[in-house]
Amino acid sequence: MTEFLRPAVRAALWRWREVLAAAAVALLGWWWIATFFDPVRWIGWVIVALAAVIAAAGVQRARFRQPGSGPGVVQVVEGRVAYFGPLTGGALDTSAITKLELEPQAKPAHWIVTGEDGTQLEVPVNARGADELFDVFAKLPGIETQKMLDALSRRPSVRVTVWQRSRPLLH
């Protein structure tokens, strides 16, 4: 079955998988609304509303995923981000992240994740498993997800600070 679709089409479908699943769920909800009576019709409306929420989250995830296969592998296990690359690598606790930057001049573009002790992880945006970073980044307190996705899609000419932990002010 996988040979039926071209690799580019298969990759695009995989990238937008949550949105496609939400569309299928929404179709089921609309079918229930159109065909059944009140108790099931109301459940259909709930299903359509849930599908809209899933689709909105799916669009953000699809925009975060980058096409191609970059160097290295990213793993997120038990609150720890690890990157294993051909030239660099390392691991960082997610609770220790103090700064997140996008370096668009690197080929491919890289996420620069800085820890409390100053260590930096430089992770290509299209490394295998890099889509797992969306959940890690979304949990950073006060991050603007839209700002992160805009920086990723615009690819500015200079390094962009997407998020930085605020330091408590001492009086």
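Values quoted throughout were computed directly from the atomic coordinates according to the rules given, and no laboratory measurement underlies them. Just so you know, these numbers come straight off a predicted model, no measurement behind them. As a convention, Cβ positions derive from the backbone with ideal geometry for all residues, glycine included, and neighbour counts pool all protein chains shown.
Treating cross-link reach as a plain straight distance, find the lysines whose alpha-carbon is under 26 Å from the alpha-carbon of residue 107, omitting any fewer than eight places away in the same chain.
By straight Cα distance, residue 107 reaches 99, 147.
Tell me, Kirkwood radius of the range 1-153 from alpha-carbon pair distances, in Å?
Values: mean 1/r = 0.0571 Å⁻¹.
Evaluated over the range 1-153, this radius sits at 17.5 Å.
Between residue 59 and residue 41, what length in nm is gained on full extension when 0.36 nm per residue of separation is reduced by their alpha carbon distance? Display every interim value, and only then the final one.
On the way: separation 18, 0.36 × 18 = 6.48 nm, distance 2.69 nm.
3.8 nm is the gain from fully extending residue 59 to residue 41.
Given +1 on the Cβ of Lys and Arg, -1 on the Cβ of Asp and Glu, and no further charges, what dipole in debye does the chain carry about its Cα centre, rounded to the nearest 20? Let's see the in-between values first.
Values: 19 positive and 15 negative charges, 95 e Å.
Once rounded to the nearest 20, the dipole reads 460 debye.
Pop out the ³J(HN,Hα) list for the range 9-22 in order, Karplus 6.51 cos²θ - 1.76 cosθ + 1.60 with θ = phi - 60°, rounded to Hz; leave Gly and Pro as x.
Here the 3J(HN,Hα) series is 5, 4, 5, 5, 5, 5, 5, 9, 4, 5, 5, 5, 5, 5 Hz.
Given only helices, namely DSSP H runs of n ≥ 4 each adding -39500 (n - 2.57), what is the per-residue ellipticity at 222 nm of the chain, to the nearest 500 deg cm²/dmol? Don't jump to the answer; show the numbers that get you there.
Details: 5 runs with 71 residues, N = 171.
Using -39500 (n - 2.57) per qualifying helix, the result is -13500 deg cm²/dmol.
Collect residues whose amide H, placed 1.01 Å from N in the peptide plane, falls under 5 Å from the amide H of residue 70; neighbours closer than 5 in sequence don't count.
126, 127, 128
If the elastic network links every pair of Cα atoms under 10 Å, which of 64, 37, 134 fluctuates the most in the Gaussian network model of the chain?
Comparing 64, 37, 134 in a Gaussian network model of the chain, the most mobile one is 37.
Roughly speaking, what is the centre-to-centre gap between the range 128-171 and the range 1-57 when only Cα atoms are used, to the nearest Å?
29 Å
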